[in-house]
Amino acid sequence: MDFDEARAVFCQPRTGPVAAPTAAPTPARRLRDAVEPLAMVTVWSGPAADASAAAGLDFLGGYVGGRASVLGDVDGAVVAAAFAVFEPDLVGGLWDQARASCPVAELRALRERAGTEALRTVLADVDEAEIDTVVTALRAGLDTADPMGRPLFAGMSRMPWPAAPHGRLWHAVTLLREHRGDSHVAACVAAGLDGIEANILTELRVGFALLEYTSTRGWSAEVMDAAIARLRGRGLLEGDALSAAGRRVRDGVEDATDRAQQSVVDALGDGLDRTVATLGAWAEPVLAHGWFPPDPYKRAAG
């Protein structure tokens, strides 16, 4: 899948009504939703497309190769375990393709350059001193973040901070995203969910139709049908919707994920609202450039 094909599939506005969230977002969730488009410029942006082309990779290869590069030259099964909610053979194969096309160190460098260039483009009117102020606040939170059981965050945290302000911003928001993502995977495991079951509960909680989101993660129809049957058998689905028990399980996963980031929220303190508002405002030109999917469900699902 090339970048134009990916954008044609994923970067379309949602038609029809959008369901309101079932609960007010927590501080940790508001921080996550603000940083999501900024961190993901290394997936959707023009500079990301250029970086993937330089590595001889298409859209999916560039995504897996760039994001997994912080893990080092590991086996594809390790990458699939860290990515969690994607079909494992798909992720492992894409990682093998990326490693064969480009050295891991260069995959890292290309990703950082793409993130820096993309944010420099969309934030051209923002004073670099303001960017540094936000990065300083985020780093204070990140200094409290525990790497235990968080492979993508731990790998990313060992990468040197970029010299350019826009690069430092990308680095900070990506660390935040990976810390929450790893924490979310751990919460799903603790709740007794596998990757495809976690996908299904998330899509239904967010507002997607059953399998609308899960089917984009490489799973076969047979595997998805079997997962639906398991969830129904455990009383977590009623027909094609979450049951009351299913909602409690998925809400519990969300609560555990939020708790895992409480030290970051506490470190931001009284500045959290200001930081979230600034990051949210900076995310808007990312969407205006077409460098992140405009569908609110996609943003919420991550």
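What follows is calculated from the coordinates using simple rules that are stated; it is not laboratory data. Bear in mind that the values here come from a model prediction, so they are computed numbers and not experimental data. When we count neighbours, we look across all protein chains shown, and the Cβ atoms used for this are built from the backbone with ideal geometry, even at glycine.
Summary table
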| quantity | calculated |
| --- | --- |
| Packing-based exposure ordering (other Cβ within 10 Å, fewest first) of VAL18, VAL78 | VAL18, VAL78 |
| LEU287-SER157 FRET efficiency (beta carbon distance; Förster radius 30 Å; 0.05 resolution) | 0.60 |
| Loop-located GluC sites (Glu not before Pro) in the range 187-235, at most 15 other Cβ atoms within 10 Å (DSSP) | GLU212 |
| Qualifying trypsin sites (Lys or Arg not before Pro) for the range 14-64 [loop in DSSP, other Cβ within 10 Å: at most 13] | none |
| Among ALA245, ALA77, ALA23: highest mean-square fluctuation, GNM of the chain, C-alpha pairs under 10 Å | ALA23 |
| Charged-residue dipole, Cβ positions (Lys, Arg, Asp, Glu), the range 141-207 about Cα centre, Debye nearest 20 | 260 debye |
| The range 199-265-the range 100-152 distance, computed between alpha-carbon centres (Å) | 30 Å |
| The range 65-171: trypsin sites (Lys or Arg not before Pro) in DSSP loop, at most 15 other beta carbons within 10 Å | ARG158 |
| Dimensionless Rg over Rh [the chain; C-alpha; Kirkwood] | 0.94 |
| Cβ-based exposure ranking for THR275, THR116, THR214, in which fewest neighbours within 10 Å come first | THR275, THR116, THR214 |
| Computed FRET value (nearest 0.05) for ARG274 with ALA23, which takes r as the C-beta separation and R₀ as 25 Å | 0.60 |
